[in-house]
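> Sharing a structure below in structure tokens format, with a few things to ask.
FYI, it's all coordinate maths here, none of it is from the lab. This structure is a prediction, so every number in the text was calculated from the model and none was measured. No Cβ is skipped: glycine too gets one built from the backbone with ideal geometry, and neighbour counts run over all protein chains shown.
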Amino acid sequence: MKVSRTNATYVWLVFSILLLGCNSASKNNTNTSSTSNTTLSAEHDIAHVINVLNNDIKDGDYGLIDHFMLVHNGEVLADFQYQNDYETIAKKYDTTDHQYNYNHPDWHPFYKNTDLHTLQSVTKSVTSILMGIALDNQQTYTVDTKAMTFFSEYTLDNKDERLFDMTIEDLLTMRSGLKWVEGEYDDLTDDCIAMEASDDWIPFVLNKPFDSNPGEKFVYNSGVSVLIGKIVRDITGKKIDAYAEEVLFGPLGITEYYWKKTPKGEIDTEGGLYLKAQDLAKIGTLFLGEGKWNDKQVVPKDWVRSSINPKATNLYPEESVDVGYGYQWWTERFENGTHFFSANGYGGQFLMVVPDENIFVVFNGWNINDQPEKSTFYVLVNNILPALD
């Protein structure tokens, strides 16, 4: 599904896909309690920063934001939900009732008037977690296993021998070698949009030509995340939503979710997951704990470390931020030494984690048609972290 990273420039990314915000009144107040080792000055500073940010969101400076959470040292410092009239907003656009029409208010951004919010490409990061658990539980396979091991039932037009060189890790790190053009989501020829409009997603992806050897070049490709979901199903013998309930959602106490299905009944592992903001925050807590939840190792520690250790780096060399990509997770390293990892999704779905500071933020938004005045991309680094010093 649409992602916060594409082959477009990093600047376009920051000010187009990750634009987050809200133009409505706050529904919930926030708890601004500080941790025991936070100075009174820092407590005042962070409370002030949160208050300013919340007011700017309510004033519409960040466009359409549906939820904002900030968690530091295990304490919820901010938990704001905002109301936006998507029924009225959608009337300006095509509202054909289809789960991949992103302007239909029954499907986006909330699922049919519930608190379940579309995560878009944050789904990829959750899918990666499930792959890590599956490989740990079934050690017949590793990240070096050839991907085509799991697609022998498909008769493909693609006869390129490099198809059989792709590994699971090549898919996880977006280095499949397949030619894929994604990022112009209002263009019906965009490969992601064309895949979503097709009847059978897996052969759509596998029949794409190659433009590099597997493992050589990063190319953002939502299609390979669909392949990852199919591999998890084959390894576990379960569709990934059922497997998630067993090994991830259940242990984390996530009892409500929705997950789209493709026309052939595959679970949409590139962008189809819906969660509540508070449940997405549990994923942040889980990764800050290197996969441990309530003293139980839910995700293998080595998998967490591999996921957030970039295999592709310096993806946008013209920018001052070193952008990298691990196992379906983004990484950022700033010139001042600050680094974080994140799960990013179209329209403003954002989980950003700074492990050195034991802090993360969650944003849900739906800025898909208009560009807001401000972006929250730099808020954590430029505003929140300095307030903790």
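> Counting other Cβ atoms within 10 Å of each Cβ, which trypsin sites (Lys or Arg not before Pro) in the range 136-171 have at most 14 and sit in a DSSP loop?
Taking the range 136-171 and a limit of 14 other Cβ atoms within 10 Å, the loop trypsin sites (Lys or Arg not before Pro) found are K159.
> Beyond 18 Å between alpha-carbons counts as too far, so tell me which of K92/K276; K230/K260; K58/K374; K238/K282; K124/K239; K239/K261 fall in that bin.
On the way: K92/K276 27 Å; K230/K260 14 Å; K58/K374 13 Å; K238/K282 23 Å; K124/K239 15 Å; K239/K261 11 Å.
Those over the limit are K92/K276; K238/K282.
> In nm, to one decimal, how far is the N158 label point from the E246 one, both placed 7 Å along Cα→Cβ?
Label at N158, label at E246, 2.9 nm between them.
> Pairs of Cα atoms under 8 Å, at least six residues apart: use those to get the relative contact order of the chain, whole percent.
26 percent
> Now, a different point. Using the number of other C-beta atoms within 10 angstrom as an exposure proxy, rank K217, K374, K112 with the fewest first.
Ascending number of Cβ neighbours within 10 Å: K112, K217, K374.
> Hey, what angle do you get for helix 122-137 against the long axis of the chain, alpha-carbon based, 0 to 90 degrees rounded to 10?
60 degrees
> Evaluate the Debye formula for the chain with equal point scatterers sitting on the alpha carbons, no solvent, and hand back log10 of I(q)/I(0) at q = 0.06 Å⁻¹, in q order, two decimals.
Debye intensities relative to I(0), on a log10 scale: -0.21.
> Which of T95, Y62, L77 sits closest to the plus end of the dipole of the range 39-109, meaning its Cα is farthest towards the positive end, when Lys and Arg get +1 and Asp and Glu get -1 on the C-beta?
Working it through, the farthest residue towards the positive pole turns out to be T95.
> Whole-Hz ³J(HN,Hα) for each residue in the range 358-367, computed from phi via Karplus 6.51 cos²θ - 1.76 cosθ + 1.60 with θ = phi - 60°, x for glycine and proline: what do you get?
For the range 358-367, the Karplus-derived couplings read 6, 9, 8, 10, 10, 10, 10, x, 8, 8 Hz, x marking Gly and Pro.
> Taking the Cα atoms only, what angle lies between the long axis of helix 277-288 and the longest principal axis of the chain, rounded to 10 degrees?
Taking Cα atoms only, the helix is inclined about 80 degrees.
> Rounded to whole Hz and in sequence order, give me ³J(HN,Hα) for the range 194-199 from the Karplus expression 6.51 cos²θ - 1.76 cosθ + 1.60, θ = phi - 60°, writing x for Gly and Pro.
Taking θ as phi minus 60°, the curve returns 5, 4, 5, 8, 7, 7 Hz for the range 194-199.
> Can you work out ³J(HN,Hα) from phi for every residue in the range 213-224, in order, using Karplus 6.51 cos²θ - 1.76 cosθ + 1.60 and θ = phi - 60°, giving whole Hz and x for Gly and Pro?
With coefficients 6.51, -1.76 and 1.60, one gets 7, x, x, 8, 9, 7, 9, 5, 8, 5, x, 5 Hz.
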